[in-house]
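Values in this text are rule-based calculations from the coordinates and carry no lab data. Bear in mind that the values here come from a model prediction, so they are computed numbers and not experimental data. Counting neighbours? That spans all protein chains shown, and the Cβs are built from the backbone with ideal geometry, glycine included.
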Amino acid sequence: MPRTAVITGAASGLGAALARLLAAEGWHLAAVDLPASRGALERVASGSGTLIEPFDVRDAEAWRRFRSRLRDAWPRLDLVVNAAGVGATATVGLLPESQWSRVIDTNLIGTALGCETFLPWLREHPGGSRVVNVASIAGLLAMPSMAAYSASKAGVIALSESIAAECPAGRPGVTIVCPGFFRSGLLDTWHFAAAREAREAHRRMEATRFDAPALARRIRRAIDRDERYVVEGLQARWLWRLKRLAPRTTTALLNRIYRRLG
């Protein structure tokens with residue numbers, strides 16, 4: 001039986017890159033994204049052995065129907081990757097409630113529903129299974145003007161660490177992905193409240209040499225090596241280390257960088 005994986009956010013960016021990488025290795029996949037992305041999902045799933053599931057990860061009932069379908073189709077589940085995500089940028093006090101709900105419900109609640117739905121099945125695996133939750137360096141550093149996004153990704157990190165503490169025998173193993181900027185389609189669904197923040201995000205996206213396929217390959221190695229954290233990007237890693245040693249200094253540095261955008 002080929003190995004099996006569920007991947008959310010699979011129509012574009014990191015989710016699509018991971019789906020293509022695993023499919024090339026012979027995995028059987030269930031690729032999830034929004035119904036509006038059905039065409040892109042079908043292109044990602046052009047190879048054999050891939051099921052497409054167009055639904056919103058915020059929909060708990062859709063998750064239950066999805067699990068029932070897979071239980072009938074697959075004898076076991078090896079991997080769940082929660083990669084669906086959206087973002088919003090605005091200082092606290094200026095971000096609409098609708099954007100707070102969209103970001104928290106998609107990034108955190110959507111990931112939690114994926115874990116709640118499939119963890120019991122992953123724990124049944126006779127050999128070893130894994131859940132990969134995609135967070136962000138923003139979940140570790142709490143960037144200015146990104147409170148909603150940072151809060152959602154910090155929640156994903158806490159959720160993942162709790163799962164790891166509940167599963168000391170590694171059933172499933174847990175990998176938490178916290179990348180800095182990498183080239184993907186994330187900004188296509190991003191809400192910007194200020195032009196300067198949009199300019200800076202697109203500048204950083206265009207400047208980075210790191211892309212979704214490279215991050216997918218890094219995550220693939222982390223799965224094989226049973227790594228807990230994947231913190232990618234040189235600047236991201238250094239800022240994470242600095243925060244642990246000097247949190248006030250790190251906050252002041254991030255504030256200075258943000259003020260320069262003006």
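Summary of computed values
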| read-out | value |
| --- | --- |
| Failed item, numbered, when GLN99 is tested on (1) under 26 Å from GLY170 (Cα atoms); (2) more than 17 Å from the chain's Cα centre (by Cα); (3) part of a helix (DSSP H, G or I); (4) not charged (D, E, K, R) | (1) |
| Residue within segment 44-64 that is surrounded by 19 or more Cβ atoms within 10 Å (Cβ to Cβ), of a type outside the set (A, V, I, L, M, F, W, C) and either part of a strand (DSSP E or B) or in contact with a His (Cβ under 7 Å, 6 or more places away or on another chain) (or both) present | yes |
| Exclusive hit being in contact (Cβ under 8 Å) with a residue 24 or more places away in the chain and over 21 Å from ILE223 (Cβ atoms), set THR89, THR4, THR8, THR50 | THR89 |
| Candidates ALA154, ALA195, ALA148 - the one that is aliphatic (A, V, I, L, M), surrounded by fewer than 21 Cβ atoms within 10 Å (Cβ to Cβ) and over 14 Å from the mean Cα position of the chain (by Cα) | ALA195 |
| Residue that is surrounded by the most Cβ atoms within 10 Å (Cβ to Cβ) [pool: residues in segment 198-237 that are among the acidic types (Asp, Glu), touching a residue at least 24 places away in the same chain (Cβ under 8 Å) and under 16 Å from THR175 (Cβ atoms)] | GLU232 |
| Flag for LEU14 being assigned to a loop (DSSP other than H, G, I, E, B) and farther than 25 Å from GLU124 by Cα | no |
| Flag if PRO213 is in contact with a His (Cβ under 9 Å, 6 or more places away or on another chain) and not hydrophobic (A, V, I, L, M, F, W, C) | no |
| Qualifying residue in segment 249-258 (condition: touching a Ser or Thr at 6+ places or on another chain (Cβ under 8 Å) and either over 17 Å from VAL177 (Cβ atoms) or not β-branched (Val, Ile, Thr) (or both)) | yes |
| Hey, SER68 of a type in the set (Ser, Thr, Tyr) and either part of a loop (DSSP other than H, G, I, E, B) or under 27 Å from ALA222 (Cβ atoms) (or both) or not | no |
| Some residue of segment 124-143 being within 14 Å of GLY87 (Cβ to Cβ), among the polar types (S, T, N, Q) and in contact (Cβ under 8 Å) with a residue 60 or more places away in the chain | no |
| Out of ASN133, ASN107, sole residue that is buried (at least 19 other Cβ atoms within 10 Å of the Cβ), in a strand (DSSP E or B) and not aliphatic (A, V, I, L, M) | ASN133 |
